[in-house]
Amino acid sequence: MTRFRLIAIALLVSAVTAFTACSATVDPSATPTPETPTLVNLDSITVKGERLASPTLEMETPFKVSETMTKVLVPGSGQALEETSAAELFYYGVNARTGERFDDNFGNEDNPDAQAMILPLSSVIQGFKKGLTGQSVGSRVLIAMPGSDGYDYSGGNSGAGIQYGDSLVFVVDIVGASLPAPVGTAVTPAAGLPTVTDTDGKVEIAIPDTAAPTEVVAQVLIQGNGEVVEQLDFVFTHYVAYSWKTKEEVIRVDDRLDIGRLMDSLAGLITGLEGKKVGSRVMVIIPPAQGFPYGSTTYPIDAGDTLVFVVDLLMVEKYIVPEATPDPTESPVPSGSPSPTPEASVTSTPSDSPTPTPSASPTPTPEASPTPTSGG
């Protein structure tokens, strides 16, 4: 089954063709094309089927919408999605011009073992982000978006049959979401460790006037009750890091989710976070050899500096062991799959970002939040 990215990707589409077509000579004898109707609400679209099962849509096409609209079909009672959340979901997409399905990740005969996908809302097309922000886990929602909130930025997508200006319709089942903050039981840290404070969500670290530890130290500050993090998993985190030497902040990522495989992080973070549970806040003290032994030009970290990280584990995408060796004649990754791909992660070197850059999209939309760079 051909797959298609919800996440904004670089598409090799000929924008020239799309725009030069508008300058073609009009035959005055040709029959005028009726104006495509514009829907002002979604009441004329009927969605059949149970939640978590592939839906059937009944609607008159073609039509268009002038703005993104959302209709809750099945209300949920879980946490509400925020603009910076990652959402675990199933989706079914239909072109409002043709009435044809162009993508979905529900199970069917071609894909009987379908699984929900985790998509950061900061890295998806704008209509998807607008339509899902504020919706609750457990919901089934209907979203219709104009081309300006869909794929007009890339001139459409010829491979999926989407033209410039096409409105799109999605049925989305929200099955999970990243936590907005750590959730669990507070843990009293061991004596002599740095002091961590949280003021309105901003974490700060006070470094003591003592010698830095020579081994990795992992201290749980909030004990979560979610899934256990393993090395091959994708982890969704917020974090801040301080220099033991200068006692100053050197890295902060708490305005968006940082996403990557744990195994691609700094050695000290792998040691300190493996086996911890989602929902936890963990302080990890990392000696130079397990962090940045040669310092960094990207961050104000000197050679030989010990770092203190405080990491919030907000979501995990579990690594699934393949059941069989794939056929070498087939593509190992579905074309345009919206799920994060391991190849996009940045392997950590002494001068790299402490955690992998978000791997969900190689080229996020212009509106998406910036991602950590892996400079020297």
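What to note about this one:
- Residue count for the range 101-147 under the criterion of being at pLDDT 95 or above, touching a strand residue (DSSP E or B) at 6+ places or on another chain (Cβ under 7 Å) and charged (D, E, K, R): the result is 2.
- The range 52-75 - residue that is within 22 Å of the chain's Cα centre (by Cα) and among the hydroxyl-bearing types (Ser, Thr, Tyr) and, of those, least open to solvent (accessible area, probe 1.4 Å): THR68
- When SER178 is tested against the conditions (1) closer than 30 Å to VAL282 by Cα; (2) in contact with a Phe, Trp or Tyr (Cβ under 8 Å, 6 or more places away or on another chain); (3) open to solvent by 10 Å² or more (accessible area, probe 1.4 Å); (4) at pLDDT 95 or above, the lone failure is (3).
- Residue that is open to solvent by less than 10 Å² (accessible area, probe 1.4 Å) and in contact (Cβ under 8 Å) with a residue 12 or more places away in the chain, where the choices are GLY99, GLY93: GLY93
- The single residue among GLY49, GLY138, GLY78 that is among the small types (Gly, Ala, Ser), open to solvent by 30 Å² or more (accessible area, probe 1.4 Å) and within 27 Å of ASP254 (Cα to Cα) turns out to be GLY78.
- Qualifying residue in the range 206-215 (condition: more than 23 Å from LYS277 (Cβ to Cβ) and among the charged types (D, E, K, R)): yes
- Members of the range 102-135 that are part of a helix (DSSP H, G or I) and open to solvent by 30 Å² or more (accessible area, probe 1.4 Å): GLN126, LYS129, LYS130
- Hey, GLN231 within 22 Å of the chain's Cα centre (by Cα), under 17 Å from VAL284 (Cβ atoms) and not β-branched (Val, Ile, Thr) or not: yes
- Of all the numbered requirements in (1) open to solvent by less than 80 Å² (accessible area, probe 1.4 Å); (2) out of contact with any helix residue (DSSP H, G or I) (no Cβ under 6 Å at 6 or more places or on another chain); (3) modelled with pLDDT under 95; (4) part of a loop (DSSP other than H, G, I, E, B), ALA18 misses one, and that requirement is (4).
- Test: residue in the range 198-210 that is assigned to a loop (DSSP other than H, G, I, E, B), open to solvent by 30 Å² or more (accessible area, probe 1.4 Å), closer than 26 Å to ILE118 by Cβ and modelled with pLDDT under 95: yes
The values are calculated or read from the model by the stated rules, or taken from the named source; none is laboratory data. These numbers were taken from a predicted model, which means no experiment stands behind them. A quick note on method: Cβ atoms are made from the backbone with ideal geometry, for glycine too, and the neighbour counts reach across all protein chains shown. Surface areas here come from the heavy atoms of the whole protein model, side chains and all, with no ligands, DNA or RNA. Shrake-Rupley method; radii C 1.70, N 1.55, O 1.52, S 1.80 Å.
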